[in-house]
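Have a look at the structure below, then the notes.
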Amino acid sequence: MRPLTEEESKAVFAKLANYIGKNIVHLIDRQDEPHCFRLQKDRVFYVSESSMRLAISVARPNLVSLGTCFGKFTKSGKFKLHITALDYLAQYAKYKVWIKPNGEMPFLYGNHVLKAHLGRITEDTPEHQGVVVFSMNDIPLGFGVTARSTVDTRKLDPTAIIVFHQADVGEYLRDEETLF
Amino acid sequence: MDVSDILAAHEAKQKAVTVEKEIPLEVDTGFLTVTDLNPVDAESYEANLEEYLMSTARDGVQTLIASLFSLPTTSSPDGPLAQLPAPTTQLPRAKPLPKPKPLTKWEKFARAKGIQKKRREKKVWDEEKQEWVDRWGWKGANKKEETQWLTEVPANADVDYDAAKVARDARKARVAKNEKQRQQNLARAAQAQGPSAAPAPVEIRKKQIDRTLAVTRTSTASMGKFDRTLEGEKKLKGVKRKFEPTIMPAESEKSHNLAILAKLDKEPAAKKSKKSTPSSGGSDVLNVRKAIRTASKGKGSAALAREGSSSKGSKGKKGKR
């Protein structure tokens, strides 16, 4: 376990900013308890300072997880968000997409969101913008990237992809071995 | 009807609420721990181990629960809540104690003579300026002789006597002497720690030569890639990565992260200004794109600009007439 270097922090913040914009400040500068980002075996964890202090007494090979896993660094140094970060992303999301009940299951099996399944979308979402996907009764299901801006979606046919799938809560079952 | 017998029988079944032991149990309510310091009763331990362990554990838990119920409670929707007091048990520290720093020559001397360390104020009073000035550093009081506009010249001084230069040289010499003494103190401390801890001068020189050699090996046009290698030449080792300590003060880490965030905010802004597309820009407060769409009734910024210029032009003509 170690703190992130400057390049790593930049990669993490840039990725998070894609979904929650300037709300990252709320993650760093928290009122209740100081939280920090720590790297352990390529994985980035968002953890309260007190638990981090407890975790330093665990040897690196023995430490499996701490706090909330936000994602992992690939071998080429890119940062990939994991579904476990959804709690924070959903809380601070700037752009949101709601999908209809009949579109929930296809999305939870790892498919992209089609226009036919689109319930609502935040007005004025640009193209290739990170969005959090919700069910109609406001339960966060995952996140992805918009394929078209809100304006362009109007002209599309119902089978066109609106949001490219990145992660969904179905991964808790599908990728149980590798997720944590 | 006499119920005293029944009551007595019932009481015998219920065990005592208060636990009495030869050595009273130590309770740390903060950690929810009870320590039983009484020696093990060998007889009952041999006779029935399970029962003995049960009774010891029961006494401990009884004492703990009694101490919990003695705490002040506050009511809550889930029932009464008690705030645990701070733990009293001292846990061992995680890291070893820091080693005392080796004494400098002066500190050793001062200790032998019983000289107390006096704290020297960093500021001194300047009578002429009528204000506190730094003892040393920028505009420090130790540079007063060099900067004063009038200096006394000794009677037997040379023609080219420069009072400011003499004072400056004396000050520089004092600094150099102090640095020399500091180095000597370091060397002495390293020697006192043992010959293994202190690298010999030869070793230091060796390291320096190695470093110089490493620099020269990568200082060719091909960064040393196509150079002829000598026999027994080792492969160059890269620089080891260094990371921040795992525990940092929360405040410093926060400010560090916020600084990185501020840097990130600047970068996309610079890119945007290069493109200088009015429709894509905009701050958090005003959604420029939306505003343009509303104002132009969905026709876009180009239509809005045309409209604005045409109306202006017509107005201007009217004014001329």
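Assorted remarks:
- The modelled label-to-label distance between B:D78 and A:V58, using points 7 Å beyond Cα along the C-beta direction, is 2.3 nm.
- Over the range A:2-88, Cα pairs under 8 Å with separation of 6+ residues give a relative contact order of 23 percent.
- Dipole of the protein assembly as shown, positive end: most advanced residue of A:F45, B:G79, B:S67 [Cβ charges, Cα centre]: A:F45
- When +1 charges are put on Lys and Arg Cβ atoms and -1 charges on Asp and Glu Cβ atoms, the dipole computed for the range B:121-192 relative to its Cα centre reaches about 660 debye.
- Sparsely packed GluC sites (Glu not before Pro) within the range B:72-135, loop by DSSP, other Cβ within 10 Å at most 11: B:E121, B:E127, B:E128
- Dipole axis of the protein assembly as shown (+1 Lys, Arg; -1 Asp, Glu on Cβ), positive-most option in B:M54, A:S149, A:N18: A:S149
- Among the trypsin sites (Lys or Arg not before Pro) within the range A:59-144, those in coil by DSSP and having at most 14 neighbouring Cβ atoms inside 10 Å are A:K75, A:K78.
- Per residue of peptide B:242-253, the mean number of Cβ atoms on other chains within 10 Å of the residue Cβ is 4.
- The range A:95-174: relative contact order as a whole-number percent, Cα under 8 Å and 6+ apart: 36 percent
- Three-way shape call for chain A based on the alpha-carbon gyration tensor, with the a/c threshold at 1.5: prolate
- With Rh defined as the Kirkwood radius, the inverse of the mean 1/r over Cα pairs, the Rg/Rh of the protein assembly as shown is 1.13.
- Dividing the mean sequence gap of close Cα pairs (under 8 Å, 6+ apart) by how many residues chain B holds gives a relative contact order of 6 percent.
- Note on A:A160 and B:R188: their simple-model spin labels are 8.3 nm apart, each label 7 Å out from Cα toward Cβ.
- Extension gain (nm, one decimal) between B:K207 and B:E251, 0.36 nm per residue minus Cα-Cα: 12.0 nm
- Each Lys and Arg adds +1 at its Cβ and each Asp and Glu adds -1 at its Cβ; summed about the Cα centre, the range A:95-174 shows a dipole of about 160 debye.
- Listed residue (B:A167, B:W136, B:T151) projecting farthest to the positive dipole end of the range B:121-192, Cβ model: B:W136
- Under 21 Å from B:K206, Cα to Cα: lysines that are on another chain or at least 8 residues apart: B:K234, B:K235, B:K237, B:K240
- Spin-label model distance (nm) - B:T33 vs B:V215, 7 Å beyond Cα toward Cβ: 5.5 nm
- Assuming charge only on the beta carbon of Lys and Arg (+1) and of Asp and Glu (-1), the dipole of chain B about its Cα centre is about 5040 debye to the nearest 20.
- Nearest-0.05 FRET efficiency for A:T178 and B:K297, computed from C-beta distance (R0 45 Å): 0.30
- The range B:121-192: C-alpha gyration tensor shape, a/c 1.5 cut-off, then a/b vs b/c: oblate
Readers should treat all values here as calculations from the given coordinates under stated rules, not as data from a laboratory. On a predicted model such as this, the values are computed, not experimentally measured, just so you know. Note that we place each Cβ from the backbone using ideal geometry, even for glycine, and neighbour counts take in every protein chain shown.
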